[in-house]
Ligand code: ADP
Ligand code: MG
């Protein structure tokens, strides 16, 4: 007869961590979301060996009060929601209370944090889910988290990682998503010791796009904005003449969160219909703001898919915004360029 038993805490923890932390890029995504949720206006990300050896993220957010640091590393511990009802109106990027616990169970983590009410910072170390040390330290208000040797204690998971340069590229994609969806935050990205970019953090999407995506792509992007009822959309799209052979330059965000979304894609592509050649796709960065209770971001653990209560409304606001932008006279030449 098979013996059925409840898994020990450590084993259960490692399984749960696998849901959240698949690769260095997932760690970076979670940590960046935490920095944004903490109100940071400046974030620096540095990775070594594609993030496997080191991920360091530093922010000027609120920090974590000394007495709550160890709690933050417990699974399902969060400051962002309290009760079932709160799930219907999520105003933060995070809410599951799983990231820090998951990351700490499969890496060596050093957290240095200080809030406005703390006299000094605390340096807290946790490895493989076990608290290692806690000491006073120095830093301005905010948080620095260093994640070292990801998957050092789970060799099976380590084997599924791609080579460092590929992992680094996945990280870069996630950093780009945060930089583009939060132009009000200055994002500095250092990859293998080399500075990749710093976004201005002045709230202007064009400046962020210029830093992240480069001059060539950003130069003649067309601005768009539209409000329909409770939906607001802003962004930049490529002029029809610079449409591409793939959808790789389509970036969709809902309430500051990167999403893969067929409705937004369809709205944008339908509006371009007749202006581009067959087999070409428009590019764009579309930032949709809408009431949290009309979108379910809870569908998938990686939170990349979204479900809408009123899909047609979303299609319409996107479609009309793009149509309007394309209808402006001189679209393509008129535009302000970076020189
Ligand atoms: P969640 O983000 O879902 O709440 P996490 O495990 O990512 O769960 O984080 C746990 C808690 O730790 C957060 O709710 C927040 O209070 C705190 N926290 C994490 N990162 C930061 C940060 N960079 N600045 C301030 N507080 C943070
Ligand atoms: Mg989080």
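The values are calculated or read from the model by the stated rules, or taken from the named source; none is laboratory data. These numbers come from a predicted model, not from an experiment. When we count neighbours, we look across all protein chains shown, and the Cβ atoms used for this are built from the backbone with ideal geometry, even at glycine.
Residue check: residue 126 meets all listed conditions (1) buried (at least 18 other Cβ atoms within 10 Å of the Cβ); (2) in contact with a strand residue (DSSP E or B) (Cβ under 9 Å, 6 or more places away or on another chain); (3) in contact (Cβ under 8 Å) with a residue 60 or more places away in the chain but one, namely (3).
When restricted to residues that are within 11 Å of ligand 1 (Cβ to nearest atom) and buried (at least 18 other Cβ atoms within 10 Å of the Cβ), region 129-152 contains 4. Tell me yes or no: at least one residue of region 303-324 is modelled with pLDDT under 95, assigned to a loop (DSSP other than H, G, I, E, B) and closer than 27 Å to residue 239 by Cβ. No - not one qualifying residue is present in region 303-324.
Rundown of residues vs (1) touching a helix residue (DSSP H, G or I) at 6+ places or on another chain (Cβ under 8 Å); (2) at pLDDT 95 or above; (3) away from ligand 2 (no atom under 13 Å from the Cβ), yes/no style:
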position: 34; (1), (2), (3): yes, yes, no
position: 45; (1), (2), (3): yes, yes, yes
position: 59; (1), (2), (3): yes, yes, no
position: 71; (1), (2), (3): no, yes, yes
position: 77; (1), (2), (3): yes, no, no
position: 89; (1), (2), (3): yes, no, yes
position: 106; (1), (2), (3): yes, yes, yes
position: 137; (1), (2), (3): no, yes, yes
